[in-house]
Each structure stands twice: as structure tokens, then as C-alpha cells.
Amino acid sequence: MSWEKRLMVALDIPDASRALDIVEKLNGHAEIFKIGLELFSSVGPQIVEAIQRKGKKVFLDLKFHDIPNTASNASAVAARLGVFMFNVHTFGGFEMMKRCSDSASETSIKEGLQRPKIVGVTVLTSLTIKELKGEIGIHRDVKDQVRHLASMAQKAGLDGVVASAHEVSEIKRLCGNNFLTVVPGIRSSCFPTDDQKRRATISETLREGADYIVMGRSLLKQEDPVRAIELISDELKSEQKGLFKCN
Ligand code: C5P
């Protein structure tokens, strides 16, 4: 499968017309667009509908994390919007995840819709052991914590998890190959890392076996997103041949 089929473009911008322009420009290069907190808070559900009307899939990245009743009601709404995927935070616990999964399934059956895939955010890719232990007070190392959360997500009926490239092979070993892995924190070795700490290059991420790769700033910071995709494809080919060098 070409890497572009695994690509989820993070539309982390507040502006609907720019978002739709990017979707248009990337026609033929990207099929899945991620709507996160910024775009959704600014534009609302119309942006989901507008992107879906263009025949594209939407990953609604709102990371539901609330009491089970509230999160499961929000999951029913996400299912009704017809999104391809949405996510919940595994830190919301087993009951919250299970009720989100059940409510998305019931709503989809009742309304004759395809059930969205639901993935659980494990440990944010912007966090390292330092924040996990020192600030949040979790004393497992990152891999163990991700493993624990992925296994709980699977038992609760989720389809996969969001994690860094470094945990993908462990997750697949523990939960099986069909359990999806969605990986943000992708960075070329030549570009700024921003706030992403557990990052990896695209070729490392694909090698680890990620099902989906999320890319935002490395595409959107370039004037022309198609050119950005072409550059990533070139980088990927030379990395795979061991010839990659930053200009
Ligand atoms: O710009 P960049 O490629 O770092 O964007 C990554 C995207 O993935 C952002 O939209 C961010 O909200 C999202 N994300 C993440 N880490 C997670 C879950 C989602 O970076 N664990």
C-alpha cells in the first residue's frame, strides 16, 4: 500500500475556507483529513459535512475524556455525523471507553450508518517519561503505560489506539495485527520537531507497521501542500535506499 493511503492530514487551522482549499489541493494525494480541536471549535460540525461532501473521510480528533454518560452521548453524535474515525482518551477509563464504543455501535445500527472506527489516545506524543513521572505522577515507563492502555482499550471494544511510532510493534504484538495504530509525531530529520517529543521519521513509522500516519505542520507550513507531499515521497525513497541527506 502506498504511504499516501495511510496519510491523515491534520487540518490544524481555524479557517474553513483554507481547510477546504487544502482538501481540494490534495485531491488524489490524501483521502483522510483530521479535524481537531482548533478547526472544530472554530467552525463546528459543518466542516465535517463539507469535507465528507467532497468524498473524503474525516477523522474527528476531539479526544473525548469525560464521565461515561457525557462521553458516550458525544460518541453517538460523532457516529451520526458519519465520520470515518473518532477518538477518546484512554485515561477516561474502561467504562468510559466501553460505553463510547457501545453507543457508537447502537447509533450506527439504528440509523443504518457505518460504525466509525474508534481509537484511544494513549500517551500523547508530546510527552516523555520526564513529564509522565515528574508531572503527571505515572511511574511506569512510557512503553509499559502505552501497552497497558492499549490492552484496556481493546478489551473495551475500541478498534485501535493513537501512540508514537516507537510503541507500534509492541502494540501489534500484544493486541494483534488487526488492532489499529494511528501515529502522530512524524518529522523529517531535517525539519523542526516543534512540541513533538516521541517522534519518528516517516520511514521509521512505516517500518514499525503503523496503519495510519498523522501529519500536520510538516505539510501545512509549506506553501504548497502537494509539493510537501512530493518532498516527503522523495525523502522516503532515499531513506529506504539509505541515501537520504538534508539539503
Ligand atoms: O503538526 P503535527 O504533525 O505535529 O500534528 C500532529 C497532530 O496529531 C495534531 O493535530 C495533534 O493534535 C494530533 N495528535 C498528536 N498526538 C496524539 C494525538 C493527536 O500529536 N497523541
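Pop the C-beta distance of N177 and E131 into the FRET formula with R0 = 35 Å and round what comes out to the nearest 0.05. Taking R0 as 35 Å, the efficiency between N177 and E131 is 0.70. Peptides 154-163, 19-28 ranked from most to least packed by the mean count of surrounding Cβ atoms within 10 Å: 154-163, 19-28.
If you find the alpha carbon centre of segment 66-81 and of segment 127-201, how far apart are they in angstrom? A separation of 24 Å, based on Cα centres. Ellipticity at 222 nm from helices only: DSSP H runs of n ≥ 4 in the chain, each -39500 (n - 2.57), divided by the residue count, give -12500 deg cm²/dmol. Modelled label positions at F91 and L113, each set 7 Å beyond Cα in the direction of Cβ, lie 2.8 nm from each other. Label positions at R80 and E38, each projected 7 Å from the Cα along the C-beta direction, are separated by 2.9 nm. What the Cα atoms of segment 3-221 give is an Rg and a Dmax of 16.6, 49 Å.
Here's the picture: a label point sits 7 Å out from the Cα of K241 along the beta-carbon direction, and within segment 187-228 the residues with their amide nitrogen under 17 Å of it are 203. Model label points for E230 and K143, set 7 angstrom from Cα along the Cα-to-Cβ axis, are 4.0 nm apart.
Taking a sphere under 13 Å around the Cβ of R207 and counting the other residues whose Cβ falls inside, with K and R at +1 and D and E at -1, yields a net charge of -1.
Could you calculate the contour length gain from R217 to D195, that is, 0.36 nm times the residue separation minus the distance between their Cα atoms, to one decimal place in nm?
Details: separation 22, 0.36 × 22 = 7.92 nm, distance 1.09 nm.
Using 0.36 nm per residue and subtracting the Cα-Cα distance, I get 6.8 nm.
Rule-based calculations on the coordinates, nothing more; no lab input. As the structure is a computational prediction, the values presented were derived from the model and not from experiment. Note that we place each Cβ from the backbone using ideal geometry, even for glycine, and neighbour counts take in every protein chain shown.
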